[in-house]
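Rule-based calculations on the coordinates, nothing more; no lab input. Just so it is clear, the model here is predicted, and its values are computed rather than measured. Heads up, the Cβs are rebuilt from the backbone with ideal geometry, glycines too, and the neighbour counts pull from every protein chain shown.
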């Protein structure tokens, strides 16, 4: 009977876990910069890649696109539209050129050649209102971020072609009103232009979004208040984000550490609320774990953590990785996790963005050091002291091999781990012991992370963007 009872209990636990409903989150993220008919924008692709990585780390199913022409952008929008019905949260992020004609906003694909109002309205550009209605209408919460208010070279062409008729072409985007359950945020105010930021980095608006919108336990409207303050400070008050919200409740992109104040305290003598049920592991996760549970390879355990960051066996995987770290470095492969020191488990979940990397204060010499270290570990990259696309790609490969969130950017935990990794034995032998013609990869200096300024601080909750109105 005890065996039967135990079996029934196990079945109930599985059924209970299976019925637990996790929020379904979807996102559309596109950055257009390689324009064919006007000067290219260097930063929107970087903005989009960073935002896509941030949202994936927050549990979003992301439809991503970089430098899309009209057909490719339409295809991505169709893909997004199929994912949004019934979604708990849908995010729409666009960085690149946009234009407002007669009060309607349009996004411009990289092959857009807008010479007149006709070009805009007959399909060379993408109508924002129609797009949001067709792709996001059935999501419960809709968050729209438009970093598309850059100085637009198409506007002058359209004005010149429209002298014989009344056509209003705004320099920036036009005001939009949000429907119920929607937040719309622009990089700057209606009809104004936004800064693109330093070449090779993020725009001020996207940088602030990366710093705040997915901060643990921070409600989205409070986060956007911080975004507005950050952009104003970064641009010496030249740029002030604007938007409109009609949200009817609190929204957290990263609710894992939501403040306790948001949870009602039980009355005296009342039982504490029951903890949320633990979702049972899927058959695929269980099979994956069975296949590696006896492994002595850290990369296989890190692969589990990458595929199931909140999996049932996460603590066991971390414990086994820690145990393997006591193994001499000579017995590990070139792509295993660091073996010299214990790794803070937070490294497997802590997001890395342009903001966290900026906080490291990496000068040219230290950037060259980390490139040398990557090369010495088998992730070959040119040590030019620049964090260019090639280096970002190699950093992503290294992060993936270690099981860290693979965003192509670094945070302090990851930088410290990288610089502390023991070099393979073959990298430390003397040059005269190497086969003829083989060059020694430079190992770089220890380096270490610069002192971080810490995470953002938040003041008391205030309403999103003072120009907003709740309607």
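Note on segment 93-133: the C-alpha convex hull projects to 2.9 nm² when averaged across all orientations. Spin-label model, residue 198 to residue 88: label points 7 Å out along the Cα-to-beta-carbon direction sit 3.8 nm apart.
Sorted ascending by nearby beta carbons within 10 Å, beginning with the fewest, 175, 294, 219, 79 become 294, 79, 175, 219. Here the gap between residue 115 and residue 180, fully extended at 0.36 nm per residue and compared with their Cα-Cα distance, gives a gain of 19.8 nm. With the simple model of a label 7 Å out from the Cα in the direction of the Cβ, residue 380 to residue 70 spans 4.3 nm.
Taking other C-beta atoms within 10 angstrom as a stand-in for reagent exposure, 298, 178, 116, 250 fall in the order 250, 116, 178, 298, fewest first.
Sorted fewest first by neighbouring Cβ atoms within 10 angstrom, 295, 225, 206 come out as 295, 225, 206. Among beta bridges from DSSP that stay inside segment 23-255, the antiparallel ones total about 35%.
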